[in-house]
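Novice: I'd like to ask you about the structure that follows.
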Amino acid sequence: MALDVAGSLEPREVIARILERGIHAVQADRATLSSLSDDHVVVEATHGRAGELTWVGQHYSLDYFAGQPLVQKAIETMQPTYGGGLASDHAAPEFRQAIRDVRHVAVIPFVHGGKATGMLVLSRYEDRPFTNDDLAALTLLGAISGLALRNARLYEEGEAARKRADETAARLRAAVEAAEDVASQVQLDQVLGRLLERAVASVGADGASVARLEGTDMVLESTTSGAAVGTRWPIAPKVLAGVKKGKSVELTAAEYMGAPEGLESIVQPFRRFLIAPLAIGGETIGLLAMGRHKDEPFDPAAVQSLQQLSTLGALLLRNARLIAQAQDAERAKSEFMSIAVHELRAPLTVTGGYLAMALDGGFGELPEPLKAALQTAQRKTEEAKALADELLTVARLEGRALKPSADRFLVTEVVQEALVRGRPRAELIKGTLKADIADDIEVQADRTLVSKILDNLINNALIYSDHPPKVRLTARRDGDQIVITVVDDGIGISSQDQGRIFGRFARGTDRRVLEKPGTGLGLYLSRGLAEQMGGSLQLESSRPGKGSTFALRLPVGVA
Ligand code: ADP
């Protein structure tokens, strides 16, 4: 009978069962269960014979039992006791009436670790005293009830701890996800935008901003509304004091003062603010501020979430700054390069013009040795001009100054034009240059850039061969891309070289390559151009002595 009180792990259900079983076991009229701790007692619930259960939950000081010797004795001896009624004049006013009707009482303490941890008080309203027989039944009930209640409480605590651990894990997971998500953005403004979105979601705010610290002012770097970026705001002293200590600070709307003139409307919709420092290596470099429309305090979980995000935010803010600086430096370098190359190219054009004129007899008949020297000078001038042109394209590509158009055109057309340009060289070395391309294949790309890439690939295919080369171009559709391949039967590329030939100024290490003039920029540029058009360039296959296949992928032409 008593055993089934232990059948549940829900404390309230266990209590309800103990009360019910107690009443039935000894035919009592009322059962009341209380928990005891070192300094107080909690009357948990009381159960009448008719089956009504009332949850009380009242706390009383322990000396409340001073006037109830029977209860006192049960607690002290840790043994069930019984006797006449309780002293109603010593009871709390709310129980006095009920206690006045009680004729007989049995008190069963719950014992754990040498202490009474609770008790069950059973009362009878009629004059039928409790007996030693009742006591035997109640002793067993008391022992099992004490255990069952304790288990249920432990389980409840365990559950709460597990829930807290789950919550912490979820928060950590969210922070890691946020880190990955935010870190995948390279542009500074995007990094900050994502950070704010994440922070607003995890803290339960309606708006947010991130600012960099400048003395006692802050300068807004990003806001969820996109307003007021770049404006300078004084920092409230309370905020300043908190963030200097690395703590987040909560403010009410009344405490938030000092919006710059004309910008008051930005903070007006918010009734609560939570501001966290963005600190790195002990130095606060910025602030992450959350705003809530409702005047509700932020709970500890929200504060903790923001703290986690702000650590991440500080790192990202600094990294993004470093990246932005590196990009600025790269742009400045590219700009410098393009100016320098321009300046170099101009005199080359003039020199080339004079050389051509001289060789055409514009300055009269030339002696043979001079003519030969001038021809060499002319060839070198052309090479230098070609290099200058390549460098200019590199500078524009790296400085992101290249804006390819996206025209729709037939692949066969650009390929035929490229063949026309490449044929003289092919014939010179007795090679063959052919294309086999269906005449309905269209791409969406920049025609001039595609021509440049094809020229590079065809030239390489003709040059890097130790016998009269056979070069063939094909095209096919692959999903939403068109693949144009340039296939040769030349010297091929060793596997070590395959990994580096797309690098800037990278040339093969084969002697037969180094004998030929070249800059090592062709493939680097061609790949960059292909990517700018939403395509790619890859070495599809290559075998030393057998030849190579390069694949240029471009978006398919759409109507
Ligand atoms: P360059 O031709 O000026 O050296 P590229 O960037 O066009 O520069 O090519 C880089 C290197 O790739 C070449 O030096 C060569 O080693 C290798 N390469 C490119 N195309 C071919 C090819 N069709 N066959 C063999 N090697 C090639």
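Novice: When the Karplus curve 6.51 cos²θ - 1.76 cosθ + 1.60 is applied with θ = phi - 60°, which whole-Hz ³J(HN,Hα) does each residue of segment 388-396 get, with x for Gly and Pro?
Specialist: For segment 388-396, the Karplus-derived couplings read 4, 5, 5, 4, 4, 5, 4, 4, 5 Hz, x marking Gly and Pro.
Novice: For an R0 of 56 angstrom, estimate the FRET efficiency from the Cβ-Cβ distance between Leu428 and Ala326 and round to the nearest 0.05.
Specialist: Working: r = 45 Å, r/R0 = 0.80.
Rounded to the nearest 0.05, the efficiency is 0.80.
Novice: Could you state, as a whole-number percent, how many of the C-alpha pairs of segment 485-559 are farther apart than 16 Å? Don't skip to the end; give the middle numbers.
Specialist: Values: 1494 of 2775 pairs.
Of the Cα pairs, 54 percent sit more than 16 Å apart.
Novice: So what is Rg over Rh here for segment 241-318, counting just Cα atoms and using Kirkwood for Rh? Provide the component values of the computation, followed by the final result.
Specialist: Working: Rg = 13.0 Å, Rh = 13.2 Å.
Checking Rg against Rh, the ratio lands at 0.99.
Novice: Here's a follow-up. Could you tell me whether segment 407-504 comes out rounded, prolate or oblate from its Cα gyration tensor? Rule is a ≥ b ≥ c as square roots of the eigenvalues, rounded for a/c under 1.5, then prolate if a/b exceeds b/c, otherwise oblate. Intermediate values should be presented prior to the final figure.
Specialist: Values: a/c = 1.90, a/b = 1.33, b/c = 1.43.
Since a/c reaches 1.5 but b/c is at least a/b, the shape of segment 407-504 is classed as oblate.
Novice: Let me ask something else about it. Return the FRET efficiency for the residue pair Lys294, Leu9: r is the Cβ-Cβ distance, R0 is 41 Å, and the value is rounded to the nearest 0.05. Can you show the working numbers first?
Specialist: Values: r = 38 Å, r/R0 = 0.92.
E between Lys294 and Leu9, to the nearest 0.05, is 0.65.
Novice: Quick one: 3J(HN,Hα) in Hz for segment 359-375, Karplus 6.51/-1.76/1.60 with θ = phi - 60°, rounded, Gly and Pro as x.
Specialist: 5, 7, x, x, 10, x, 4, 9, x, 3, x, 5, 4, 4, 5, 5, 5
Novice: Using the reciprocal of the averaged 1/r over all distinct C-alpha pairs, how large is the Kirkwood radius of the chain in Å?
Specialist: By the Kirkwood definition, the hydrodynamic radius is 32.7 Å.
Novice: What would the Debye formula give as log10 I(q)/I(0) at q = 0.11, 0.13, 0.15, 0.23 Å⁻¹ for the alpha-carbon point model of segment 271-351, no solvent?
Specialist: -0.52, -0.60, -0.69, -1.02
Novice: Based on the Kirkwood radius over alpha-carbon pairs, what value in µm²/s does the Stokes-Einstein equation return for the translational diffusion coefficient of segment 269-309 at 4 °C and 1.567 mPa s? Intermediate results must be reported in sequence, preceding the final value.
Specialist: Numbers: Rh = 11.0 Å.
The calculation lands on 117 µm²/s.
Novice: Same structure again: Which residues' amide hydrogens lie under 5 Å from the amide hydrogen of Asp407, considering only partners 5 or more residues apart or on another chain, with H built in the peptide plane?
Specialist: Ala445, Asp446, Arg447
Novice: Given just the C-alpha atoms of segment 91-168, how large is their convex hull per residue in cubic angstrom?
Specialist: Working: hull volume 10.4 nm³, N = 78.
Taking the convex hull of the Cα positions in segment 91-168, it is 133 Å³ per residue.
Novice: Now for a different question. Under a 5 Å amide H to amide H cut-off, with H placed in plane at 1.01 Å, what residues pair with Thr231 once short-range neighbours are removed?
Specialist: Leu220
Novice: Find, to one decimal place in angstroms, the Kirkwood hydrodynamic radius of segment 464-527, where the mean of 1/r is taken over every pair of different Cα atoms and then inverted. Let's see the in-between values first.
Specialist: On the way: mean 1/r = 0.0744 Å⁻¹.
Kirkwood radius, segment 464-527: 13.4 Å.
Novice: Same structure, new question: With a point put 7 Å past each Cα toward its Cβ, work out how far Thr376 is from Ala136 in nm, to one decimal.
Specialist: Using points 7 Å along Cα→Cβ, the separation is 12.7 nm.
Novice: For the chain, give the magnitude of the charge dipole about the Cα centre (Cβ charges: +1 Lys/Arg, -1 Asp/Glu; no others), in debye to the nearest 20. The partial results should precede the final answer.
Specialist: Numbers: 65 positive and 72 negative charges, 293 e Å.
Its charge dipole is roughly 1400 debye.
Novice: Now a separate question. Can you list the residues, at least 5 places off or on another chain, whose amide H is less than 5 Å from the amide H of Gln481, using H built in the peptide plane?
Specialist: Result for Gln481 returns Val556.
Novice: Starting from the Cα gyration tensor of segment 1-118, multiply each eigenvalue by 5, take the square root, and state the resulting semi-axes largest first in whole Å.
Specialist: Numbers: eigenvalues 85, 62, 41 Å².
Ellipsoid semi-axes (Å, largest first): 21, 18, 14.
Novice: Using only the alpha-carbon atoms, what does segment 14-78 span along each of its principal axes? Please give whole angstrom values in decreasing order.
Specialist: 31, 23, 19
Novice: Turning to a different aspect of this structure: Take the alpha carbon atoms of segment 319-347, find their center, do the same for segment 198-251, and report the distance between the two centers in whole angstrom.
Specialist: Computed from Cα coordinates, the inter-centre distance equals 34 Å.
Novice: Sort segment 185-310 into rounded, prolate or oblate with this rule: let a ≥ b ≥ c be the square roots of the eigenvalues of the Cα gyration tensor; rounded if a/c is under 1.5, and if a/c is not under 1.5, prolate when a/b is larger than b/c, oblate otherwise.
Specialist: Numbers: a/c = 1.10, a/b = 1.05, b/c = 1.05.
The shape class here is rounded.
Novice: To continue, here is another question. What's log10 of I(q)/I(0) for segment 308-405 at q = 0.11, 0.18, 0.19 Å⁻¹, Debye sum over Cα points only, no solvent?
Specialist: These q points yield log10 I(q)/I(0) values of -0.55, -0.87, -0.91.
Novice: Let me ask something else about it. Quick one: P(r) of segment 369-414 from all Cα-Cα pairs, 5 Å bins, percents rounded to integers, in order of increasing distance.
Specialist: Calculated over all Cα pairs of segment 369-414, the distribution is 5, 17, 11, 12, 13, 16, 10, 7, 6, 2, 0 percent.
Novice: Across all directions of projection, what mean area in square nanometres is found for the Cα convex hull of segment 343-468?
Specialist: Over all viewing directions, segment 343-468 projects a mean Cα-hull area of 10.8 nm².
Novice: Quick check on segment 195-240: what are the equivalent-ellipsoid semi-axes from the Cα gyration tensor, as sqrt(5λ), descending, whole Å?
Specialist: Details: eigenvalues 81, 34, 12 Å².
Equivalent ellipsoid semi-axes, largest first: 20, 13, 8 Å.
Novice: Based on the Cβ-Cβ distance of Glu368 and Glu413, what FRET efficiency does E = 1/(1 + (r/R0)^6) give at R0 = 56 Å, to the nearest 0.05?
Specialist: Given R0 = 56 Å and the Cβ-Cβ separation, E is 0.80.
Read the figures in this text as sums done on the coordinates, not as results from a lab. What you see is a predicted model, and the numbers here were worked out from it, not measured in a lab. Note: ideal-geometry Cβ built from the backbone for every residue, glycine included; neighbour counts use all protein chains shown.
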